[in-house]
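Step one of this worksheet: look at the structure below.
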Amino acid sequence: MTPTTPQHASMIQFPTLENQLVIGGIPISRLAQRVGSTPFYAYDRSLMTERVAELRQHMPPELKIHYAMKANPMPAVVQHMASLVDGFDLASAGEMQVALDTTMPAAQISMAGPGKRPAELLQAVAAGITLHVESFHELKTIARLSEQTGIQARVAIRINPAFELKSSGMKMGGGPKQFGIDEELVPEALKLIKTLNLDFQGFHIYSGSQNLKAEAIIDAQQKSIALAISLSDSCPCPIKKLNIGGGYGIPYFPGESPLDTQAIGEALAKPMAEFKLTNPKAELIIELGRFLVGEAGIYVCEIIDKKISRGQTYLIVNGGLHHHLAASGNFGQVIRKNYPVAIGTKMHGKDVETVSIVGPLCTPLDILADRMQLPTAEIGDLVIVYQSGAYGYTASPSKFLSQPDAVEVLV
Ligand SMILES: *Cc1c(COP(=O)(O)O)cnc(C)c1O
């Protein structure tokens with residue numbers, strides 16, 4: 001007997017109809033017909049709308065919520081998010097083009113990331129978006145571009161804080177990092193900005209990602225605000241914007257529970273009020289990617305073969321790690337765990353069996369589910385991978401093994 005992974009707590013964001021998963025009001029096999037081919041990603045716009053509304057209920061009313069586009073840069077998704085959030089945070093000029101096609105004003109768009117190329121910086125300066133400066137060299141390059149073009153660039157300093165975001169899936173602050181300017185060097189960067197003709201906006205402090213512990217996030221947010229207050233007096237002008245990052249996670253694996261955003265919102269009220277005292281005109285911003293869109297999306301592929309190898313049953317599907325690296329366990333996981341998976345065309349199947357779901361690539365890494373108990377499925381049934389609305393398609397090596405592309409739809 002091979003060990004069996006317990007089935008995941010059912011994902012309740014999607015209803016079912018006659019044994020089928022329903023997304024955006026459409027049963028999954030009908031959606032597959034509409035799309036015309038498998039595999040595909042489907043994102044549910046109403047779930048994104050609900051998620052932002054619920055978050056706003058929990059957060060202080062004046063807090064600005066930005067969408068970190070790299071989580072899901074599909075143009076239709078970004079268009080939809082433009083109607084829900086207060087701003088966008090970008091990580092490239094490519095993302096900038098998608099963002100500027102929406103109704104979001106440039107003044108509410110910012111770009112972060114180490115190694116922004118001069119050409120990219122120029123595009124951002126011309127667009128009038130805020131650049132989150134990650135090094136002294138970058139700061140000088142932006143100043144030179146400003147001078148050459150006669151456009152005063154909007155800049156904020158991204159700070160690599162001395163603290164870390166505890167229990168985070170991915171730490172992006174504290175200790176030596178390629179991100180931001182070290183906290184202890186920020187006064188020097190502010191001095192330099194005073195000598196340059198730049199429109200200083202404020203600070204950006206992003207310390208990590210995929211965190212499910214409210215206390216850890218509360219702690220990092222309080223420290224971020226305290227740090228900004230302590231730097232206020234050294235700034236060339238009053239702070240206009242303070243972006244304190246996010247890191248709000250979503251549950252993927254057994255035993256994980258949803259983040260308590262109510263606790264985070266309540267805890268934010270006091271430091272936010274203190275910040276307002278010292279910086280009355282400043283906006284306080286959080287930037288979230290995965291939390292806003294991750295649970296709204298599924299990846300759908302089709303079973304094209306079923307076989308038994310030495311007692312273990314394999315469902316072989318037409319999608320895999322080339323479309324969904326994260327579900328294969330190769331995007332930041334140390335020990336591989338199964339993403340929540342279902343048979344979308346047998347949602348209430350009474351017979352169950354233990355199966356491994358694998359993709360068509362010639363590598364043992366191409367696995368979507370390792371020995372999971374699922375309703376008995378056959379060739380032609382559709383496999384659903386939940387929690388796929390963020391870091392799915394664009395975070396995957398889609399060229400690997402020259403397989404066909406996946407389609408993406410917003411429903
Ligand atoms: C990746 C990233 C985000 C979004 O992270 P999520 O975990 O998707 O919320 C936000 N800000 C910055 C600077 C990032 O690099």
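Remarks
- Restricting Glu256, Glu302 to residues that are in the same structural domain as Ser396 (by TED's automatic domain parsing), at negative phi and out of contact with any helix residue (DSSP H, G or I) (no Cβ under 7 Å at 6 or more places or on another chain) narrows the list to Glu302.
- For region 67-90, a tally of residues being free of Cβ contacts under 8 Å to residues at least 60 places away in the same chain and either open to solvent by 50 Å² or more (accessible area, probe 1.4 Å) or away from the ligand (no atom under 16 Å from the Cβ) (or both) returns 4.
- Subset of region 237-253 [in a loop (DSSP other than H, G, I, E, B), in contact with a Gly (Cβ under 6 Å, 6 or more places away or on another chain) and open to solvent by 30 Å² or more (accessible area, probe 1.4 Å)]: Lys240
- Tallying residues that are away from the ligand (no atom under 16 Å from the Cβ), surrounded by 18 or more Cβ atoms within 10 Å (Cβ to Cβ) and hydrophobic (A, V, I, L, M, F, W, C) within region 129-155 yields 5.
- Here Thr345, Thr363 are screened, and the one residue that is part of a loop (DSSP other than H, G, I, E, B) and in contact with an Asp or Glu (Cβ under 6 Å, 6 or more places away or on another chain) is Thr345.
- The set of residues in region 259-288 being in contact with a His (Cβ under 9 Å, 6 or more places away or on another chain), surrounded by 17 or more Cβ atoms within 10 Å (Cβ to Cβ) and either hydrophobic (A, V, I, L, M, F, W, C) or in a helix (DSSP H, G or I) (or both) consists of Thr261, Ile264, Gly265, Ile285, Ile286, Leu288.
- So Gly246, is it assigned by TED's automatic domain parsing to the domain that holds Glu134, within 16 Å of the ligand (Cβ to nearest atom) and among the small types (Gly, Ala, Ser): yes
- Selection status of Gly202, in a loop (DSSP other than H, G, I, E, B) and either within 16 Å of the ligand (Cβ to nearest atom) or modelled with pLDDT under 95 (or both): no
- Cross-chain or 6+ apart pairs with Cβ under 7 Å, region 168-186 first and of a type in the set (Val, Ile, Thr), then part of a helix (DSSP H, G or I) and more than 9 Å from the ligand (Cβ to nearest atom): Ile181/Ala189; Val186/Leu231
- Counted residues, region 168-192 - those being within 18 Å of Ser209 (Cβ to Cβ) and either crowded, with 18+ Cβ neighbours inside 10 Å or within 14 Å of the ligand (Cβ to nearest atom) (or both): 11
- In region 107-121, the residue that is most open to solvent (accessible area, probe 1.4 Å) out of those that are closer than 22 Å to Ile159 by Cα and over 21 Å from the mean Cα position of the chain (by Cα) is Arg117.
- Given (1) farther than 20 Å from Ala107 by Cα; (2) open to solvent by less than 60 Å² (accessible area, probe 1.4 Å); (3) within 13 Å of the ligand (Cβ to nearest atom), index of the condition Arg158 fails: (1)
- Test for Ser388: is it modelled with pLDDT of 95 or more, over 25 Å from Asn72 (Cβ atoms) and of a type outside the set (D, E, K, R): no
- Residue match in region 398-405 (condition: open to solvent by less than 50 Å² (accessible area, probe 1.4 Å), more than 23 Å from the chain's Cα centre (by Cα) and not small (Gly, Ala, Ser)): no
- The lone exception for Glu256 - which of (1) open to solvent by 50 Å² or more (accessible area, probe 1.4 Å); (2) in a helix (DSSP H, G or I) it fails: (2)
- Test set (1) away from the ligand (no atom under 16 Å from the Cβ); (2) touching a Phe, Trp or Tyr at 6+ places or on another chain (Cβ under 8 Å) - Val352 fails condition number: (2)
The values are calculated or read from the model by the stated rules, or taken from the named source; none is laboratory data. Quantities reported herein were computed from a predicted structural model and do not represent experimental measurements. Counting neighbours? That spans all protein chains shown, and the Cβs are built from the backbone with ideal geometry, glycine included. Keep in mind that these areas ignore ligands, DNA and RNA; they rest on the heavy atoms of the full protein, side chains included. Shrake-Rupley method; radii C 1.70, N 1.55, O 1.52, S 1.80 Å.
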